[in-house]
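No lab work stands behind these numbers, since they all come straight from the coordinates. Bear in mind that the values here come from a model prediction, so they are computed numbers and not experimental data. Cβ placement follows ideal geometry from the backbone for every residue including glycine, while neighbour counts extend to all protein chains displayed.
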Amino acid sequence: MDQSLQNLLDKEQQQLNTALTSYISELDMPNRLRESVLYSIQAGGKRLRPLLMKLTCQGLGGDPQKVYPAAVALEMIHTYSLIHDDLPSMDDDMYRRGQLTNHKKYDEATAILAGDGLLTNSFHVITTTDLYTDQEKVNIVAKLSKASGLEGMVAGQYLDMEAENQTISISKLERIHHLKTGRLISFAVEIGGLLAGVSSERMEILKNYGDYLGIIFQIQDDILDIEGDQTLIGKRVGSDIDNEKSTYPSILGLEGAKQYKTKYVNEAVRCLKEVGLANTDLALISHYLSERNQ
C-alpha cells in the first residue's frame, strides 16, 4: 500500500476511534451493554467510509472537520451491521477481525441490543450536532436511513441470505452487494459532496463512484475468502463455500472475478476524473480496495 495512504488510514482510525469511544462512554447505559458496544467499536476496522467522506469533502473544497458527526454515525451503523451479520440466525460466525464475535464474547441477546443501540443512537449524533444546519441534518438523516434501511443495507442482507444454496445471475449478485455494501459506501462519498456544496450533476457522478467502490470492495472480499490469509483477514477462510453462497468467483471463476474487479476500478477512476479528483488520495483508495489483503 502507498505509505501516504497508510498514514491517512492510521490517522483517521485514531481520530474516529477517539470520537466513537468518547461518545459511547458518555451515554447512560448498563455497564455490560456498554462493554459489548465498545468491544465491537474498538475491534479495529479500517474506517474507510469515514475517510472517503472526509477526502471527498476536502477534495471538493469543503471543511473536512465538518464530516465528523456524520462519519461517526456511519461507523456506528456499520458496526451494528457487523454485529448482526455474525449472529447465529445470519452468518453464524465465531470470529470477526481476529477476535470472538460479539454474541460469542457476551451472549446473543446482548449482541442484538448492542447493535440496536448503535443503529438508533447514530441518528442522535447527527441531530444534536452544532456543525450542521437544520436542513443539512434532515438531508443527512434521510440519506443515511435510506442507505441503511429497507431500501438499502437491510434489503441487501435479506437478498444475500435468500440467495444461499442457489445459483444466481451476476446482475442479481451485483444488486445484492449494491444494496448490502455499496449503499453505505456511496452514502459516505455523497455526504462528503453535500457538505462541500457540490452541484447535483457532480453529485450523481460521486454516487456512481461510491457504487463502483462497493462492488470493488465486495469482489475483493470474495477473492480473499478463497486465497486470503486467515491471520490477516481475522476470520475463517472458505466460509462462503461452506455456506454455499453465490460470489463473484463462484459465478465468474477466480480469474474472471479479478478481471471484473479491474473493470470497476477503471470506472471508479473515470468518475474521479469527471469531478476533478483524479489526482487526490481518493484515486489511491480505489486501487487499495482492489488490492487489500485484509
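Magnitude of the Cβ-charge dipole of the chain, K/R +1 and D/E -1, about the Cα centre, nearest 20 debye? It works out to roughly 520 debye. Placing dummy labels 7 Å off each Cα toward the beta-carbon, the span from LYS46 to GLU164 is 2.6 nm.
Among the GluC sites (Glu not before Pro) in the range 1-35, those located in a DSSP loop and surrounded by at most 15 other Cβ atoms within 10 Å of their own Cβ are GLU26.
Considering only THR133, PHE217, GLY253, and ranking their Cα positions along the charge dipole of the range 3-291 that arises from unit charges at the beta-carbon of Lys, Arg, Asp and Glu, the one farthest toward the positive end is THR133. At what distance in angstrom do the alpha carbon centres of the range 131-158 and the range 24-70 lie from each other? Answer, in whole Å: 16. Label point of LYS105 set 7 angstrom out along Cα-Cβ; within the range 23-42, amide nitrogens under 14 Å from it belong to 32-42. Measuring r between the beta carbons of ASP134 and SER22 and using R0 = 25 Å, the FRET efficiency lands at 0.55.
Simple point charges give the picture: +1 on the Cβ of Lys and Arg, -1 on the Cβ of Asp and Glu, and for the range 132-213 a dipole about the Cα centre of about 40 debye. Placing a label point 7 Å from the Cα of ASP63 along the Cα-to-Cβ direction, the residues of the range 98-142 whose backbone N falls under 12 Å of that point are 130-133. Between GLN14 and ARG97, the modelled label-to-label distance comes to 1.7 nm, taking each label 7 Å out from Cα in the direction of the beta carbon. Go through GLY182, TYR80, TYR39 and say which Cα lies farthest out towards the positive end of the charge dipole of the chain; charges sit on Cβ, +1 for Lys and Arg, -1 for Asp and Glu. With unit charges placed on the Cβ atoms, the residue in question is GLY182.
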